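Here the structure is laid out as structure tokens; the discussion comes afterwards.
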Amino acid sequence: METRETALLVVDMQNSFCHSDGAVNRTKWPVYQWDRILRETKQALASVRELAIPVVYVYTTFRPDYADASTMWRKRCHDAEANKALVEGSWDAEIVPDIAPMPGDITVVKRGFDGFLHTNLEATLRHLGVRRLLVAGVYANICVESTARTAFQLDFDVTVLTDCTGATSADNLEMAFRSLGAMFATVTPWRDALAELAPLPA
């Protein structure tokens, strides 16, 4: 598959989840080996941009009163709401500065776990002519897995980048990779994924 049919999807790499002062990170779910994941993601982004592959950031924000959060999200994530996590316009909701969007990148806001549910992500990817998705982000067993499964069911060829994807523990990471790799996605490091892409014709 050619690079022009590919996009990199970066899921929820926000201060709340990834920074030690983030509301979710500090109170419940720090990302296992985050420094390594950040380093690999920065390198992957640089390589992807050199290949002119579109980068799409999908991230979570809510109104200050959480009126746009689902009842079940509020039930399962009540600690996040209590700590005012992911409020739109806040530092907590911002994408980590070291891997923040650059001019030309695309951003899509979601209100739950799945990047496709009630968003314009599918329409955006179809407009770009994307058939293959490279997926990075956190948490592997929640938002990354939810998004990747839906992408597969929407007939995208999905590759989850193991060295650019995080969870709260090695066990959760392995569980997600095993689940996705069984049916829904190719699971591989980012360098191997890019090596499989055919370059654009000269």
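None of the figures in this text is laboratory data; all of them are computed from the coordinates on show. Predicted model only: the values in this text are computed from it and were never measured. Every residue, glycine among them, receives a Cβ derived from its backbone with ideal geometry; neighbour counts consider all protein chains shown.
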Next on the checklist: Give me the extension gain from Gln153 to Ala195: residue separation times 0.36 nm, minus the current Cα-Cα distance, reported in nm with one decimal.
Outcome noted: 12.6 nm
Checklist entry - When only Cα pairs under 8 Å and 6 or more residues apart are kept, what is the percent relative contact order across the range 3-195? => result 27 percent
Checklist outcome for this item: Computed for the range 3-195: size of charge dipole around the Cα centre, +1 on C-beta of each Lys and Arg, -1 on C-beta of each Asp and Glu, debye to nearest 20, value 200 debye
Checklist entry - How much net charge surrounds Gly22 when only the other residues with a Cβ under 13 Å from the Cβ of Gly22 are counted, with Lys and Arg +1 and Asp and Glu -1? => result -2
Checklist entry - About its Cα centre, how strong a charge dipole does the range 69-151 have in debye, to the nearest 20, once Lys and Arg get +1 and Asp and Glu get -1 at the Cβ? => result 420 debye
Checklist outcome for this item: Given Cβ charges of +1 for Lys and Arg and -1 for Asp and Glu, the option among Tyr57, Ala69, Gly104 whose Cα lies farthest towards the positive end of the dipole of the chain is Ala69
Item to check | Global form of the range 67-125, assessed from the alpha-carbon gyration tensor, a/c cut-off 1.5 | outcome: oblate
Checklist entry - Between the range 75-144 and the range 22-61, what is the C-alpha centre distance in whole Å? => result 11 Å
Item to check | DSSP beta bridge pairing in the range 3-195, given as percent antiparallel to the nearest 5 | outcome: 5 percent
Next on the checklist: If the reach is capped at under 17 angstrom between alpha carbons, list the aspartates and glutamates near Lys42, excluding any in the same chain fewer than eight residues apart.
Outcome noted: Asp12, Glu50, Glu94, Asp98, Asp105, Asp163, Asp192
Checklist outcome for this item: Subtracting the Cα-Cα distance of Lys75 and Asp98 from 0.36 nm times their residue separation yields 5.1 nm
Checklist entry - Say the dipole of the chain comes from +1 at the beta carbon of Lys and Arg and -1 at that of Asp and Glu; which of Leu86, Cys18, Leu180 then lies farthest toward its positive end? => result Leu86
